[in-house]
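Written below as C-alpha cells is the structure these notes are about.
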C-alpha cells in the first residue's frame, strides 16, 4: 500500500521508552519469511502476501517484547515502510 504523495521510507527508527530500534523493509521481509503467523485478533500487516498479527510481526523484526510497545507503534512503523496494515473485521 502506497501513501498518497509520499514514497515509503526504506528505513525507520522508532523510540520505545528509552530504547531506539531501527528496521527496514528488506529486513521485515527477510525476518518474516517462513514464519507461521499466529492468530490475528484485530490488526495485521501484509508481508509478501501473508497477513501477520501486527505486534507479533513487529516483535519478530525488532526483538522488542510485545509487552513493551503498543499496536499504534507497530502500525505506524509498518505503514511508514510501505506495508499494507489492516484492521481485521470481526465476523
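State which residue pairs qualify: first residue free of Cβ contacts under 8 Å to residues at least 60 places away in the same chain and at positive phi and inside the stretch 20-48, second residue surrounded by 13 or more Cβ atoms within 10 Å (Cβ to Cβ) and assigned to a helix (DSSP H, G or I) in any location, beta carbons under 9 Å apart, and separation of 6 or more residues or different chains.
Here the result reads 48/29; 48/32, each pair linking the stretch 20-48 to a residue that is surrounded by 13 or more Cβ atoms within 10 Å (Cβ to Cβ) and assigned to a helix (DSSP H, G or I).
Of all the residues that make up the stretch 80-89, how many are farther than 17 Å from residue 30 by Cα and in contact (Cβ under 8 Å) with a residue 12 or more places away in the chain?
Kept after step one, since they are farther than 17 Å from residue 30 by Cα, are these residues of the stretch 80-89: 80, 85-89.
With in contact (Cβ under 8 Å) with a residue 12 or more places away in the chain added as a condition, the list becomes 80, 85-88.
The number of residues fulfilling the criteria is 5.
I need the full set of residues from the stretch 50-78 which are over 20 Å from residue 9 (Cα atoms), free of Cβ contacts under 8 Å to residues at least 12 places away in the same chain and either within 9 Å of the chain's Cα centre (by Cα) or outside any helix (DSSP H, G or I) (or both), in order please.
Selection gives 65, 70.
Quick check: anything in the stretch 52-67 more than 22 Å from residue 33 (Cβ to Cβ) and in contact with a strand residue (DSSP E or B) (Cβ under 7 Å, 6 or more places away or on another chain)?
Checked the stretch 52-67: no residue is more than 22 Å from residue 33 (Cβ to Cβ) and in contact with a strand residue (DSSP E or B) (Cβ under 7 Å, 6 or more places away or on another chain).
Restricting to the stretch 1-28, give me the number of residues that are in a strand (DSSP E or B), within 16 Å of residue 46 (Cα to Cα) and at pLDDT below 70.
Of the residues in the stretch 1-28, 1 are in a strand (DSSP E or B), within 16 Å of residue 46 (Cα to Cα) and at pLDDT below 70.
Collect the residues in the stretch 32-49 that are farther than 17 Å from residue 9 by Cα and under 11 Å from the mean Cα position of the chain (by Cα), keeping them in residue-number order. Steps first, please.
As a first pass, look at the stretch 32-49 and keep what is farther than 17 Å from residue 9 by Cα: 32-44, 48-49.
Answer for the stretch 32-49, where residues must be farther than 17 Å from residue 9 by Cα and under 11 Å from the mean Cα position of the chain (by Cα): 32, 43, 44.
The values are calculated or read from the model by the stated rules, or taken from the named source; none is laboratory data. If you're wondering where the values come from, they're calculated on a predicted model, not measured in any experiment. Cβ sites come from the backbone with ideal geometry, for glycine too, and all protein chains shown count toward neighbours.
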